[in-house]
Amino acid sequence: MQNPASGPSVRGSMMTDPKVRAWAFQLIAIAAVLAAGWYLFHNTQSNLAQRGITSGFAFLNNSAGFGILQSLIDYTESDTYGRVFVVGLLNTLLVSVLGIAIATVIGFVIGVARLSPNWLISRLAAVYIEIFRNIPPLLQIFFWYFAVLRAMPPPRQSHELGETVFLNIRGLYLPSPGAGEGLWPFLIALAVALVASVVLVRWARARQEASGQRFPVSLGVIALLVVLPGIAAAVAGNPFVWTVPELTGFNFRGGWVVIPELVALTLALSIYTAAFIAEIVRSGIQSVSHGQTEAARSLGLRPGHTLRLVIIPQAMRVIIPPLTSQYLNLVKNSSLAAAIGYPDLVSVFAGTVLNQTGQAIETIAITMSVYLAISLSISLLMNWYNKRIALVER
Amino acid sequence: MSTHAFKPDLPPPTLSVGALGWMRANLFSNWFNTALTFAALYLIWLIVPPVLSWALFDATWTGSTRDDCAAGSGACWVFIQSRFAQFMYGFYPPELRWRVDLTVVLAIVGAVPLFVRAMPKKLVYGAAYLLVYPWLAFWLLYGGLGLEIVETSQWGGLMLTLVIAVVGIAGAMPLGILLALGRRSEMPAIRVICVTFIEFWRGVPLITVLFMSSVMLPLFLPEQVTIDKLLRALIAVILFEAAYIAEVVRGGLQAIPKGQYEAARALGLGYWRMMGLVILPQALKMVIPGIVNTFIALFKDTSLVIIIGLFDLFNSIHQATVDPAWLGFAIEGYVFAALVYWIFCFGMSRYSMRLERRLHTGHKR
């Protein structure tokens, strides 16, 4: 009830008006942030002047003058810091992509095994998950690197697999493919097969929509992809020439060399992340209620079709968002490379370049913005995907 | 009249009950399952006996130097034994280590009443504990006021790991709650500031944050100010974890039905009283498991301080494995480190699962 005597002058006081208060709060907050920013900026300026550190990004064009253990692009010591950045970024991406691929495979296998009706298998999967997700990833990386790979024998006593793959203290040696006489016909046949597969899938779907008849699409696609390139290889000759690493003197020559740092990092990150992915896969599959399976079976779908057409599409909706955040974690965890000297972005750029140039702010800012850009773009992609597959209800 | 006596029930077929029945249902239900069982048994046979004989039967347990391990073919636990004190306390002066022990004992004894369900006035006690204990712990660990001062550069081992993890989470909680409230605020400027802060810290790896705190923090502050290495790491960890806590708490805030907000408003409560008395008590209770999970992640992440040269549990053990006097026992060192981290993390994750079951009584159908 409003008291007519005190009137709107008391109730409408500036101090208690929610709108005015909201404005005031926001202005205070913005002012506080700006003041803090200015304070930090001012201190930094005077500190930099004091220590005689130049600022700006001109250092990116200076010659780096140090070697890098592994580089996906041509790199020599006389190249610029800018190129060092690219080399580091590519190495980060390499270990991330390898890690994600392997972690996904292990994770899905363990996750499905966790749900196996076989008691022993499901227990084993649980043991795997509980062991590996409760040990710090850095410790796992150190274990593989210092305790396993650094303790490998020298090249002459390498562990070998069929005289083609060698493992020793210098790394993992794999045979590398080169262009053979039949490479081009093989690639062309592969391209034709891919196009034909797409056409086949479209045709099969259109036919099913029109007539209800199904076509064994996956069999057809596999046949196309195997038979066409196979014929090309048989007619035109071997598409690839494999260079097998060979022991000459004290080291191996030829083939691909995977440095032990990369092996340790990939192994540890994929084993660690796989434990989390397995739990995500398990909860995703369990989230599809049993009624769905029963309904599909009573409609006459075979177990394979039930799985592919009913269970997996619904489970994926639950699995994909946390799965992406695990992928992001793996990308961020790949920065642990700095601890064992794998030349990733943090190690060569925020480490070596920072130490050489002393330009801490610029190098750290660049490094952080790369990770931020990766994270934000994947989150945006995720939000878009989530909207697309969100359950459309009546 | 003759009475019909029923014959006793036939026992169930021996193959469907008891150990045999269980095995038939769970291990050998069809040919594929049987094959899997044998593959799994083979895998276990391949892994378990060698590991057991390395870690237990062939291991060396007694002695004092590495020569004592020369005879045994298994693990050399003498290495762990001889360095155990360093793994626990770092370079903390041996005659003062009782202070660390006392800090831990006080923490446990003080926290016990919080876990007794029938304890009256739990909230008051908890608040008092949270207000008093940190000062007491700091006084005991660091010194001053009559106790000899132990510089933080001498702290190390498991003790340092626990200090970083506990201070990190305790410092991140209030900041994280404020950020979560800010992110749900109706004022656009506040929301933008909080979202930017949260997304920034969540988007970068902790390792770059630690790098930043060690090389950039000194540049950010006036030149006469020098801050301790441990404090720098703590600031980095608190800011980083606050963003994660904020997201966990936001989940709880979003799960509170709108009616609760409206009811609090209708009672005439202002914003802070509505949040403090109605919304946050419900939301925080709901997200306790999430906070425990964040704490587990933080506990594992404390091992990253090796990058800025602090001697936590992991770094102490790593340094010991590269010590020339004990070269070649890296596996023992890492296995011991893994065991300690595992016990903590596994214990906490079990606890969080139990809490989840206990707390979810009202919301789960």
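The values are calculated or read from the model by the stated rules, or taken from the named source; none is laboratory data. Remember, it's a predicted structure, so these values are computed and weren't measured experimentally. Cβ coordinates were reconstructed from backbone atoms using ideal geometry, including for glycine residues, and neighbour counts include every protein chain displayed. Keep in mind that these areas ignore ligands, DNA and RNA; they rest on the heavy atoms of the full protein, side chains included. Shrake-Rupley method; radii C 1.70, N 1.55, O 1.52, S 1.80 Å.
In this structure, is B:Phe200 touching a residue at least 40 places away in the same chain (Cβ under 8 Å) and either under 30 Å from B:Gly309 (Cα atoms) or among the hydrophobic types (A, V, I, L, M, F, W, C) (or both)? If you could, list the steps in order and put the result at the bottom.
Working: touching a residue at least 40 places away in the same chain (Cβ under 8 Å): yes; either under 30 Å from B:Gly309 (Cα atoms) or among the hydrophobic types (A, V, I, L, M, F, W, C) (or both): yes.
Considered against the rule, which asks whether it is touching a residue at least 40 places away in the same chain (Cβ under 8 Å) and either under 30 Å from B:Gly309 (Cα atoms) or among the hydrophobic types (A, V, I, L, M, F, W, C) (or both), B:Phe200 comes out as yes.
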Answer residue from region A:40-62, given it is of a type in the set (Phe, Trp, Tyr) and open to solvent by 100 Å² or more (accessible area, probe 1.4 Å) and is farthest from the other protein chains (Cβ to nearest Cβ) among those
A:Phe57
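Could you check region B:146-250 for helices (runs of 4 or more DSSP H) lying wholly inside it with 2 or more residues that are more than 9 Å from chain A (Cβ to nearest Cβ) and under 22 Å from the mean Cα position of the chain (by Cα)? Reasoning before the result, please.
Values: elements: B:157-183, B:188-203, B:206-215, B:217-220.
The qualifying helices (runs of 4 or more DSSP H) are B:157-183, B:188-203.
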Any residue at all in region A:316-327 that is open to solvent by 10 Å² or more (accessible area, probe 1.4 Å) and of a type in the set (Phe, Trp, Tyr)?
yes
Go through region B:309-358 and report how many residues are surrounded by 15 or more Cβ atoms within 10 Å (Cβ to Cβ), within 11 Å of chain A (Cβ to nearest Cβ) and either more than 18 Å from the chain's Cα centre (by Cα) or not acidic (Asp, Glu) (or both).
24
In a strand (DSSP E or B), open to solvent by 20 Å² or more (accessible area, probe 1.4 Å) and under 30 Å from A:Pro153 (Cβ atoms): does that describe A:Val257?
yes
State all residues of region B:210-232 that are hydroxyl-bearing (Ser, Thr, Tyr) and open to solvent by less than 40 Å² (accessible area, probe 1.4 Å); if no residue qualifies, say none.
B:Ser213, B:Ser214
Number of the condition not met by B:Gly63 [criteria: (1) within 14 Å of chain A (Cβ to nearest Cβ); (2) open to solvent by less than 50 Å² (accessible area, probe 1.4 Å)]:
(1)
Could you please find all residues in region B:110-145 being surrounded by 13 or more Cβ atoms within 10 Å (Cβ to Cβ), under 22 Å from the mean Cα position of the chain (by Cα) and among the small types (Gly, Ala, Ser)?
B:Gly110, B:Gly126, B:Ala137
